[in-house]
Amino acid sequence: MEDFRRKSGLDIVRCIAILFVISVHFYSYSNLYDVPIEGRRMFLLVCGRWLFYTCVPLFLLLSGYLLNRKTLSKGYYKGIIRILFVYVIMSVLCNLFKIFHDGAVLTWKDWIITILGYEAAHYTWYVQMYIGLFLLVPFINLIYNGLQSKKQKIWLIVSMLLITSAPGLLNFKFQILPNWWLTLYPITYYFIGAFIS
C-alpha cells in the first residue's frame, strides 16, 4: 500500500515561496525603487527584496524534488491540462479586472490574443517557463537519473551553476564568462531539487 502522508517540510517551503511571491509584488507597487537607499531601514528593505526573489527558485527546487521520478507517459502529459486550466481562469480574472477596475475595453479578439499570447497578466512569463519545464521533465529526468554516481550528479549541478549563475556574478564591467546559457537557470534549480530528494 502506498504511503500518502504529506511531508510538512514541503508544505512549509510552498507557504514560504507563496509569501515571497506576494512580497516581491508588494515591493513592485510600494515605490521602493524610487526611494534612495539611505539608512538601516532602507538597507533592510533591499535585503528583504533579494531574499524574496528566491520565490521562483524555491518553486523550481520543489519541482525537481517532487517530479524527478516522472517518466515519459500519456498520464504524465495529461497533467498539463490542469496547468493550462488554471492559467486560463487566471487570465480571465485578470482581463475582468482590467475591464471593471481599469476601465479597459476588450473585444473578443483582445480576449483571445491576451489569453493565447500570454499577455493577460505580466506574470505569465512564469507560466510560459513552467509549461516548457513540465514538457521537458521526463527528458531532464532521463539525463539526471541516467548518471551512475552521486559524484556525476554533483558535477552536473556544478556545470549547470557555472553556465547559469557564474556569469551573473562575475560579468560586471567586462564579460568574463559566456552568458548565453543564463536562461537555463530553471533546469539548474530543478537538478538541485532532484539531488536534494
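Hey, any idea what % of the stretch 1-66's accessible area is carbon plus sulfur with a 1.4 Å probe?
67
Which value, in Å², gives the accessible area per residue of the stretch 101-197 when a 1.4 Å probe is used on the protein heavy atoms?
Per-residue accessible area for the stretch 101-197 comes out at 67 Å².
What spacing in nm lies between the two simple spin-label points modelled at Ile99 and Tyr29, each 7 Å away from Cα in the Cβ direction?
Between Ile99 and Tyr29, the label points sit 2.1 nm apart.
Please report the carbon-and-sulfur percent of the accessible area for the stretch 73-197; probe 1.4 Å, protein heavy atoms only, DNA, RNA and ligands left out.
The C+S portion of the solvent-accessible surface of the stretch 73-197 is 73 percent.
Which shape class applies to the stretch 120-181: rounded if a/c is under 1.5, otherwise prolate when a/b exceeds b/c and oblate if not, where a ≥ b ≥ c are the square roots of the Cα gyration tensor eigenvalues?
Taking the square roots of the gyration eigenvalues as a ≥ b ≥ c, the stretch 120-181 is oblate.
Full extension from Met129 to Ala166: what is 0.36 nm times the residue separation minus their Cα-Cα distance, to one decimal in nm?
Once the chain is fully extended between Met129 and Ala166, it gains 11.2 nm.
Checking the cross-link filter: which lysines have an alpha carbon closer than 20 Å to that of Lys78, excluding same-chain neighbours under 8 positions apart?
Lys70
Give me the net charge for the shell around Ser30: Cβ to Cβ below 15 angstrom, other residues only, Lys and Arg +1, Asp and Glu -1.
With Lys, Arg at +1 and Asp, Glu at -1, the net is +1.
Set the Förster distance to 30 Å, then compute FRET efficiency between Trp108 and Ile37 from the Cβ-Cβ distance, nearest 0.05.
For R0 = 30 Å, the calculated efficiency reads 0.05.
Of the peptides 184-190, 118-124, how do they stack up when ordered by the mean number of other Cβ atoms within 10 Å, highest first?
Going by the mean number of other Cβ atoms within 10 Å, highest first, we get 184-190, 118-124.
What label, among (i) 7, 24, 33, 24, 10, 1; (ii) 8, 29, 34, 21, 8, 1, 0; (iii) 9, 37, 38, 15, 1, belongs to P(r) over Cα pairs in 10 Å bins from 0, in percent computed from the structure on display?
Among (i) 7, 24, 33, 24, 10, 1; (ii) 8, 29, 34, 21, 8, 1, 0; (iii) 9, 37, 38, 15, 1, the one derived from this structure is (i).
Grab the beta carbon distance between Ser73 and Lys150, set R0 = 25 Å, and tell me the FRET efficiency rounded to 0.05.
Computed FRET efficiency for Ser73 and Lys150: 0.40.
Which one of Val24, Leu58, Thr71 is farthest out on the positive end of the charge dipole of the stretch 11-135, using unit charges on Cβ (Lys, Arg +1; Asp, Glu -1) and the Cα centre as origin?
The one lying farthest along the dipole's positive direction is Thr71.
With only Lys, Arg, Asp and Glu charged, each at its Cβ (+1 for the first two, -1 for the last two), find how big the charge dipole of the chain is about the Cα centre; round to the nearest 20 debye.
Using only the charged Cβ atoms, the result is roughly 700 debye.
Between the stretch 129-156 and the stretch 14-88, how far is it from one alpha carbon centroid to the other, in angstrom?
21
Need one number: nm distance between label points at Thr183 and Ile18, each 7 Å from Cα along Cα→Cβ, rounded to one decimal.
If labels sit at Thr183 and Ile18, their model points lie 3.1 nm apart.
How far apart, in nm, are the 7 Å Cα→Cβ label points at Asp11 and His122?
3.4
With θ set to phi - 60° and the Karplus curve 6.51 cos²θ - 1.76 cosθ + 1.60, what are the ³J(HN,Hα) couplings of the stretch 125-131 in order, to the nearest whole Hz, using x for Gly and Pro?
Ordered by residue, 3J(HN,Hα) equals 4, 5, 4, 4, 4, 5, 4 Hz.
The values are calculated or read from the model by the stated rules, or taken from the named source; none is laboratory data. Computed from a prediction, not measured in an experiment: that's the story for all the values here. Cβ coordinates were reconstructed from backbone atoms using ideal geometry, including for glycine residues, and neighbour counts include every protein chain displayed. When the accessible area is computed, the model is the full protein with side chains, heavy atoms only, and any ligands, DNA or RNA have been set aside. Shrake-Rupley method; radii C 1.70, N 1.55, O 1.52, S 1.80 Å.
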